[in-house]
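Worksheet: the structure to be examined is printed underneath.
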Amino acid sequence: MRRRPFVPSIPARRAAASTVAAATILLLGVAPAPAGANLVGVGEDPAGDAASPHPAHDITGAALAYDRRRGALVGSVRLRGVATAASESVLTLFAGRRTATGCDGYPAQGLSTSTTSFRASWHVLPAPGQTLGGGVDRAEKSGERTTVQRMEATDRRLAGGTPDCAIATLTRPGDASVVLDTTGPIALRPVPVLGIALRGVPSRLRPGRTARVRVLVTNAGDASTARVRLRVAGARGLQVSPSTRTLTPLAVGRTRTATLRVRLSARARSSTRLRVTATAGDQRVRTEGRIRLVRPSSGSGGGGGGATTPPRTCNRWMPDISGETGGSLVLLPC
C-alpha cells in the first residue's frame, strides 16, 4: 500500500521570522545551484493533473536546496494559478529518503505554508508520527497570492539530514488526508559549495612596493567542483600578477591556495579594492580586501615610516630695520 506523502498538520497561526543566506531558487528553466547548498533538486510537473480543477490546486514545478551542515532549507513551488481565499490550500515541501513507495522515508526536513499566507513554518520529522524541534511560524515566506511560492529557513535543528529526494504536496485546509496535487520524487543531487578568502592583504602599501597575497579556494559541498578560474578586477594604479589563474577541480573538503603579487603605483587611489572572483561551473563567488596607498611625505627622501631629511639652510644677510646695526648673517631655509 502506498504511503501518504509527508503532510504535517499546520496550526492556524503563522508568522514569518528568520532569513536564510542561501540564494533564491528559480523555477523558470534550469535552476542554478544556490550558494551554500549541498543538495539541490528541481522538477517539473504536468499541468492539469490535480484532483481539483482549480488552477491554484495544480503544481507545475518545484525545487529545493538543502545545506545539511548549517541546517538551511530554501524551497519554491510553482502553481498553475493564483490562490484566493476560496481556493486556499496547504503547501508542504519536504526532503526525505526514497523508498519503494516514493519519497516517504524518514528522517525528513521540510517547509509548509498556506498558499494565501505570508507566513511559513519548518519541520523535522525523525520518524512516522514524530516531530522534533518544529519551527512553527519560524520560516520566511514570499510569493503569497502569486503563482510561485518561496519558503526558507535556517536552524541548527534542521542540520544533519541525509535526504536524496524531495516532494511537494497541496492538501485541503483542515484535512490533510485530502491531497489536491503532489509532485515528486524529485532527485536531490549533491553539489559543490565554492568558497574564497584572502589572506595577507596589506592594510597599507607604498607606491612601487610589492606584497604577496594568498587566495584560499575551498569546497565545502558534497561534490567535486569544475575547474576553478580566478580573476582579479582591474582598478586604477593596481598591478596584480597573475591577474587570472586556473586551478584544477577541488574534491569535497579540499582547499587550494594561489599567490598573487600585488603592487600600487603612485596614481592609485588613496584606498584601493582588491577584488578576486572565483568561478567553477555554474558557481561564482567573490571576495575583496582594501589597501591604503601610503604616499611619501613632502620633502622626504623616499617614503613614509623612515627618517625624514632635515631641510637645507643657508646663511643670508638680514638688514637691521632698527638702524642700530648694519645687519647680520642669519640661517634661513634655502
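The values are calculated or read from the model by the stated rules, or taken from the named source; none is laboratory data. Computed from a predicted model, the values in this text were never measured in an experiment. Note: ideal-geometry Cβ built from the backbone for every residue, glycine included; neighbour counts use all protein chains shown. Keep in mind that these areas ignore ligands, DNA and RNA; they rest on the heavy atoms of the full protein, side chains included. Shrake-Rupley method; radii C 1.70, N 1.55, O 1.52, S 1.80 Å.
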Quick one: dipole size for segment 103-250, taken about the Cα centre, charges +1 on Lys/Arg Cβ and -1 on Asp/Glu Cβ, in debye to the nearest 20.
1640 debye
With θ set to phi - 60°, apply the Karplus curve 6.51 cos²θ - 1.76 cosθ + 1.60 along segment 64-75 and write out the HN-Hα couplings as whole Hz, x wherever there is a Gly or Pro.
8, 10, 9, 9, 6, 7, 8, x, 10, 10, 10, x
Given H placed 1.01 Å from N in the peptide plane, which residues other than close sequence neighbours of S89 have an amide H under 5 Å from its amide H?
T115, T116
Please work out how much length the chain gains when fully extended from R204 to T84, using 0.36 nm per residue of separation minus the C-alpha to C-alpha distance, in nm with one decimal.
37.3 nm
Accessible area per residue, 1.4 Å probe, Å², for segment 101-229: what's the number?
41 Å²
By the scheme Lys and Arg +1, Asp and Glu -1, what is the net charge of all other residues having a beta-carbon under 14 Å from that of S297?
+3
Would you grab the residues whose amide H sits under 5 Å from the one on L274? Only those 5+ places off in sequence or on another chain, please, with H modelled 1.01 Å from N.
G289, R290, I291
Put +1 on the Cβ of every Lys and Arg and -1 on every Asp and Glu Cβ in segment 136-208; which of L188, G160, G208 then has its Cα farthest towards the positive end of the dipole?
G208
Starting from the amide H of A176, placed 1.01 Å from N in the peptide plane, find each other amide H under 5 Å away whose residue is 5 or more places distant or on another chain.
none
Order T169, T246, T116 by their accessible area, 1.4 angstrom probe, all chains in place, largest first.
T246, T116, T169
